[in-house]
Amino acid sequence: DDEGQVVPAAASSSGQKRARKSPTSSKSSAKNQNQEVIALLDDSSDDDNDDNPVPKMDRKRKARPCIEDEIIDIESSVEVRKPAAVARKRTASKNSSADNNDDSPVIPFHLFETTTAKSPSALSQEKRKYFQTLREAIGLDVPNRQIQWLIISNFLIDFRYVYEKLPDIVQIPRVVVFYGSYFAGMDNIHFQQVQQLIMKNWKAAAERNGNTVEFIRLVPGDPPRSKTNPLPVKITYGCHHTKMFLTGFDDHVSNEGGGGSTRQSMIRVVVHTANLGTSDVEYKTNGFYAQNFPLKEKKVEQRPAIVNPYKVWT
């Protein structure tokens, strides 16, 4: 070969590597080299003829930057189409992503339904599946479901909002509420009195139905091993910030073949981002993850196989 020229690997009958360009090559030779590299990168013909494939290392070494999925010859400013193989790979990746998300019937992540989302003209029916109310998030109002217990954990709670939003919460046999502070803080005396009155009425209503509710305030900055700080240490600048619902319930599942129903005990885990108050749930964008898990049975060998409905998301 002459100095300054490049022989494409596909044209080499002996399979030899392409000659490297000499440092003394002219600008014209560099331009010719770029054009030949572009020709090599266009592998539309290689898809049908693999007799003389272009070595992958050569492609990578000579590749030019990609802008908007197109290969550009920077020196000549001549655009060429992207390689066919790369195009097919990107298309397959996009299709795979769509199959794993848009078409999946299982959506473990939702947004709380805000006042805006409730408007009939705000969202299409297709997009409404991503939104759920506070009741739906907790797992209430499900046919053939019997709530056995409920744990509420949050940093800021407006007990008036929760009690008015979930009036039938007094029907749940056992409720435990962990909180860090009232929604308006602990310094507002009037609001504090209102909150305490709501908590008192909630507790009395639950007891009239033969149920119990317990309110536990957690303050990591209080003395260790105290009523409000069960930790062995004091965290001066800490706060109880966990936002979560744990719902224990029994679902009555119909047996196959119409032979009655079977009770299945489950626990629903909901981890979310909202403080429990009107402004956070009704007017701000907050989301949650929710998943139901079956309880562990005593005899493992008799436990049916558990199918993970979220496997498509992994």
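The values are calculated or read from the model by the stated rules, or taken from the named source; none is laboratory data. Since the model is a prediction, treat every value here as computed from it, not as a measurement. Cβ placement follows ideal geometry from the backbone for every residue including glycine, while neighbour counts extend to all protein chains displayed. The accessibility values were calculated without ligands, DNA or RNA, using every heavy atom of the protein model including side chains. Shrake-Rupley method; radii C 1.70, N 1.55, O 1.52, S 1.80 Å.
Which residues, counting only those in region 166-190, are open to solvent by less than 30 Å² (accessible area, probe 1.4 Å) and of a type in the set (A, V, I, L, M, F, W, C)? Across region 166-190, the qualifying residues are Leu166, Ile169, Val170, Ile172, Val175, Val176, Val177. Per the listing Gln195, Gln132, the residue uniquely touching a helix residue (DSSP H, G or I) at 6+ places or on another chain (Cβ under 9 Å), of a type in the set (S, T, N, Q) and modelled with pLDDT under 95 is Gln195. Annotation note: Cβ proximity below 7 Å between a residue of region 230-252 that is closer than 30 Å to Arg263 by Cβ and acidic (Asp, Glu) and a residue that is open to solvent by 70 Å² or more (accessible area, probe 1.4 Å) and assigned to a loop (DSSP other than H, G, I, E, B) (sequence gap 6+ or interchain) occurs for Asp251/Asn144.
Evaluating Met199 against the criteria (1) surrounded by 15 or more Cβ atoms within 10 Å (Cβ to Cβ); (2) part of a loop (DSSP other than H, G, I, E, B) leaves one unmet condition, (2). Among the residues making up region 266-290, those that are of a type in the set (Val, Ile, Thr) and open to solvent by less than 30 Å² (accessible area, probe 1.4 Å) are Val270, Val281.
Tell me which residues, restricted to region 139-152, are at pLDDT 95 or above and surrounded by fewer than 21 Cβ atoms within 10 Å (Cβ to Cβ). Gln148, Trp149, Ile151, listed by residue number. Checked against (1) in a strand (DSSP E or B); (2) open to solvent by less than 40 Å² (accessible area, probe 1.4 Å), Ala206 passes all but a single condition, namely (1). For region 91-106, taking the residues that are open to solvent by 70 Å² or more (accessible area, probe 1.4 Å) and part of a helix (DSSP H, G or I), the one that is modelled with the lowest pLDDT is identified as Asp99. I want to confirm something. Restricting to region 172-192 and keeping residues that are modelled with pLDDT of 95 or more and either hydrophobic (A, V, I, L, M, F, W, C) or more than 21 Å from Met244 (Cβ to Cβ) (or both), which single residue is farthest from the chain's Cα centre (by Cα)? That would be Ile172. The residue list Arg263, Arg268, Arg208 contains one member that is among the basic types (Lys, Arg) and closer than 30 Å to Thr115 by Cβ, which is Arg268.
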